[in-house]
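To start, the structure itself, in structure tokens.
All of the numbers you see were taken from the coordinates with simple rules; none came from a lab. None of these values were measured; they are calculated from a predicted model. With ideal geometry, Cβ positions are generated from the backbone for all residues, glycine too; neighbour counts draw on all protein chains shown.
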Amino acid sequence: MKVFVNNKEVDIIAGMTVRHALIAADFLKDISSGKKVFDEWGNEIGLDGTVEEGLNIHVR
Amino acid sequence: MNDFHGFAQSYKTYGSDEYTGGIACLAWLAGRLRKEKPTLFLAAGDMIQGNNWANLSQGKSVIEVMNEINFDAMIVGNHEFDFGQKVLRERIEEAKFPVLCANVELDSQTPWKPELLPLRPYVLKELNGIKIAIIGITTEEMPMVTHPKNVTGLKFLSQAETAEKYVKELRNKVDLIVVLSHIGFHRDMVLAEKVKGIDIIVGGHSHTKVEQPALVGKTVIVQAWEHAKVLGVLDIKVTDGKMTGVKGKLVDIKQTRLNKDDAVASIVDKYSKKVDALLQEVIGETGTDLDGKNVRRDETNFGNLVADIIRQTSGAQTAIINGGSIRTSIKKGAIKADDIYTALPFDNYIIAFTLTGKQIRETLENAISSIKEGGGRFPQVSGITFSYIYSEDNSPKIKDIFIAGMPLEPDKYYTVGTNDFLAAGGDGYRFFREAINTSEDYSVTGGAIKGKGIIYNNPGRWLRDIVIDYIRSRKKISPATEGRIVETNHPTVQ
């Protein structure tokens, strides 16, 4: 399943979460420094939230 | 409220020093609001599994709290199935509120047929003369988001087609139609677009903090983040049997600003004490110290134990984990559950998939690449032995690799078990992630995963709980180092 983290494409499997997408894109360390994760509609999302094919996640 | 995951106590979120959440505070706030006007209190799934406070009673603690708070209905999320159908049935029977799911039926294709869980497709409520239907819709990808064995014999139907069927059936019988969903925020929007006639979708699954209700067509969509960090509140105005206005907000749950509901606080304390007692329980004995100190530089007996358990559980030929996933050693003697929780503190679960011999070699090259820095990527393995040497530039290089005693063949396929962190490519394990990339044939049939790529995936069971069960079943363990990882020419050892 392809998802995008700050426009970087990564592959994770069904059942994996936002946390896994951030690991795959090497963004998890940004969260420990206080950054947050948002979906493409601007809503903050939790690290254990589900992701789906094509979702664009933003870390900021 | 959605995606509670048993976070009963206030806690610090990742990357923050501030305490948030606490179900007793949320219950107090909900109770105060419910005195002001007629109210429905809904749970949008993934309530009973996640935190130890829930897991160690298999969700019983959560249902007891939910009964005390007087929930009106709950949809089953994927993680409600994580303890298996027998346990879920018990939880549903304990619940004093209806547990919903309209899009599930017995699967006529599987030989073994369980008794269908006592789930209701919808529930009808009446508040001040306003008739309301609450339809439960869960994710149709269920076999992919819990272990497939947990949903054997069940078939999850199309979210949209099921919702449409019940909206048609109920639209003229009620004033308001609410879909209580566990399909994620984006799919809630898609559902609202496809199925006309839904007034409100109260959602979960994506852990989305929807601060202001979203509107798709005439459907209002809400979701209240996760872990009882907020309470979602939606005020609905109904005129002549039609929804004519809504106002929504999320209220932060902070212990410093809210009182606690005493009865709920008492349940939280009761189960917290049980968790403490369970963690102090002796689960077995080790005849030797379990070495969690040297896992970033050498093969250790603790690393072998965990890798062996992953290989055995997943049914893979081999297992590779990162030494950094083991944080402390355990002294010879009695082992408490808490020792395992301390040594394996991460919420990791087991995944297994297929790699070529070439990919295994490249994976191990990455795994030993930071040995001098004591990097957490250093491997602990099962079913594999390998040696490495230091090249002229003093960097480690893999030399020989054997699987089941036979030399590794570059083009041959082997199955590899690991944890989800590495499977996502953590610690530079990019070949694991790429193996997942090529697993388009991943599918679930009759409770088993079929496909060349992924052979095992159980996101609902933490590795540390599997290790505890293993030790409990053996009573006494004495794992040893066996020459699985051999350094042949370290320059300082000449």
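Of the peptides B:227-234, B:400-407, the order by per-residue mean of other Cβ atoms within 10 Å, starting with the highest, comes out as B:227-234, B:400-407. Rounded to the nearest 20 debye, the dipole size of segment B:282-493 about its Cα centre is 460 debye, using +1 on the Cβ of Lys and Arg and -1 on the Cβ of Asp and Glu.
Peptide A:20-26 has a mean of 5 when you count, residue by residue, the C-beta atoms of other protein chains within 10 Å of its C-beta.
What residues of segment B:390-431 lie in the reach of a label at residue B:488, counting those whose backbone N is under 11 Å from a point 7 Å from the Cα along Cα→Cβ? Residues B:390, B:397-401 fall inside that zone. Length gained on full extension, residue B:373 to residue B:281: 29.5 nm, using 0.36 nm per residue less the C-alpha separation. Here's how it looks for residue B:130: its modeled amide H is under 5 Å from none belonging to a residue 5 or more places away or on a different chain. Measuring how big segment B:168-317 is from its alpha-carbon positions, Rg and Dmax come out at 24.7, 75 Å.
Along its three principal directions, the equivalent ellipsoid of chain A from the Cα gyration tensor extends over semi-axes of 16, 12, 10 Å, largest first.
Other residues whose C-beta falls under 11 angstrom from the C-beta of residue B:183 contribute a net charge of -3, scoring Lys and Arg +1 and Asp and Glu -1. Summarising the label geometry, the points placed 7 Å from Cα in the beta-carbon direction at residue A:44 and residue B:239 lie 3.5 nm from one another.
Which listed residue (A:14, A:56, A:38) has the Cα farthest towards the positive end of the charge dipole for segment A:2-59, taking +1 on Lys and Arg C-beta and -1 on Asp and Glu C-beta about the Cα centre? Of the candidates, A:38 comes out farthest on the positive side.
Size descriptors for the protein assembly as shown: radius of gyration and Dmax over Cα atoms are 24.6, 90 Å. Seen from every direction in turn and averaged, the convex hull around the alpha carbons of segment B:282-493 projects onto 11.8 nm². The alpha-carbon atoms of segment B:181-249 define a convex hull whose volume equals 76 cubic angstrom per residue. Working from label points 7 Å from Cα in the Cα-to-Cβ sense, the residue B:124 to residue B:365 distance is 6.8 nm.
Shielding by partners for peptide B:208-215, expressed as the average number of C-beta atoms from other protein chains within 10 Å of each residue's C-beta, is 3.
Its convex hull of Cα atoms gives segment B:11-276 a direction-averaged projected area, equal to a quarter of the hull surface, of 14.4 nm².
Computed over the alpha-carbon pairs of segment B:16-74, the distance histogram in 10 Å steps reads 20, 49, 27, 5 percent, short to long. Taking Lys and Arg as +1 and Asp and Glu as -1, the other residues whose beta-carbon sits under 12 Å from that of residue B:407 total +1.
With the highest mean first, a sort of the peptides B:360-370, B:303-313, B:9-19, A:23-33 on other beta-carbon atoms found within 10 angstrom per residue produces B:303-313, B:360-370, A:23-33, B:9-19. Note on residue B:172/residue B:33: beta-carbon distance plugged into 1/(1 + (r/R0)^6) with R0 of 25 Å gives a FRET efficiency of 0.20.
With contacts taken as Cα pairs under 8 Å at a separation of at least 6 residues, segment A:2-59 carries a relative contact order of 47 percent. Look at the stretch B:371-380: the mean tally of other chain Cβ atoms within 10 Å of its residues' Cβ atoms is 0. Listed cross-link partners B:86/B:209; B:155/B:249; B:196/B:249; B:125/B:249; B:125/B:237 are compared with a 28 Å cut-off, the Cα-Cα value being larger for B:86/B:209; B:155/B:249.
Computed over segment B:233-318, the Cα gyration tensor eigenvalues convert (square root of 5λ each) into semi-axes of 51, 23, 14 Å, ordered from largest to smallest. Within chain B, the proportion of Cα pairs with more than 36 Å between them is 39 percent. Size estimate for segment B:291-359 follows the Kirkwood approach: the inverse of mean 1/r over distinct Cα pairs works out to 13.1 Å. Report the Cα centroid-to-centroid distance between segment B:154-204 and segment B:1-53 in angstrom, as an integer. Cα centroid of segment B:154-204 versus Cα centroid of segment B:1-53: 24 Å apart. Calculated from the alpha-carbon coordinates, segment B:1-120 shows an Rg and a Dmax of 15.7, 52 Å respectively.
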